[in-house]
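Only the coordinates and a few stated rules stand behind these numbers; no lab work does. Computed from a predicted structure; not experimentally measured. All Cβ positions, even for glycine, are placed from backbone atoms using ideal geometry, and neighbour counts span all protein chains on display.
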Amino acid sequence: MLLLAIDTSGRQGSIALARGGPGEACELIEASSLMGGTFSAHLIPQIADLLKNHGFTPSDIGGFVVVAGPGSFTGLRVGLAAIKALAEVLEKPIAGVSLLEALAISTNLLGRVTTVIDAWRGDVYLGEYELSDTGTQVIVEHLVTREACFASVGNTTIVTPDQEIAEAARSKGLHFIQVEHGPIAAIAQSGWKKIVSGQTVSAEALEASYFQRSDAELFAKSGS
């Protein structure tokens, strides 16, 4: 199946064509970068160019993969709007992917992994996963303060695309791996696994994931 994968969650974005199958195998055909701040103007033209470069038309696309969060409010809305429109017209399945989970998968590690992305204003997006040969178990995904994040990671490996977070982890003697921000191959792979397992969403139901603080932090802030 021909897949179109899109990530517009950060300052820079990317799109890719991939071939899904047989089974859960997913081969990247070509990836292209998107310049931050111009997603709305360049996304559709670059999709058209990418398809044309390989002799495909939109009707050849069998499924869509899109990063649903966390990330830039405006960027996510642009990417999701494009996928909603294309999927509705072509009547093809959509797999919404967590950027945190894709970053964890991109390491090819096994065991407990904690992904951390800068959310600005002293906060981070944090995701904890148990990675195995049979799949990924999501432990938690939420928004926490940077200090609370480092206090809770324990002996897990921290995965981050952000230089400041990597440096903070190093200063605290924590084990970390710094990765690229938009691992489009892992995004496509994660989405293909969801399509194969039937974890798809309709164009109408597709929504961005804007993570909230954990209940413990909310109670602490309210003094309850």
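One table, with the values for the structure above:
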| item | result |
| --- | --- |
| GluC sites (Glu not before Pro), loop per DSSP, at most 16 other Cβ atoms within 10 Å - longest free stretch of the chain | 92-179 |
| Dipole-positive endmost among Val113, Ser152, Ile139 within the stretch 100-178 (Cβ charges, Cα centre) | Ser152 |
| Of all DSSP beta bridges in the stretch 100-178, antiparallel share, percent nearest 5 | 75 percent |
| Integer Hz, Karplus 6.51/-1.76/1.60 couplings in order for the stretch 143-158, x for Gly and Pro | 9, 9, 6, 4, 5, 5, 4, 5, 6, 10, 6, x, 9, 6, 7, 8 |
| Global form of the stretch 1-123, assessed from the alpha-carbon gyration tensor, a/c cut-off 1.5 | oblate |
| Residue-span extension gain [Glu24 to Asp162] - 0.36 nm each, minus C-alpha spacing | 46.7 nm |
| DSSP H segments from the chain that extend 20 Å or more along their own axis, Cα-based, with Kyte-Doolittle mean of -1.0 or above | 39-53, 73-90 |
| Rounded if a/c under 1.5, otherwise prolate or oblate - the stretch 1-60, Cα gyration tensor axes | oblate |
| In sequence order, calculated HN-Hα J values of the stretch 110-126 (Karplus, 6.51, -1.76, 1.60; Hz; x Gly/Pro) | 10, x, 6, 9, 10, 9, 10, 10, 4, 10, 6, 6, x, 9, 9, 8, 10 |
| Fully extended contour minus Cα-Cα distance, from Ala48 to Ala205, at 0.36 nm per residue | 54.0 nm |
| C-alpha center-to-center spacing [the stretch 101-158, the stretch 1-51] in angstrom | 24 Å |
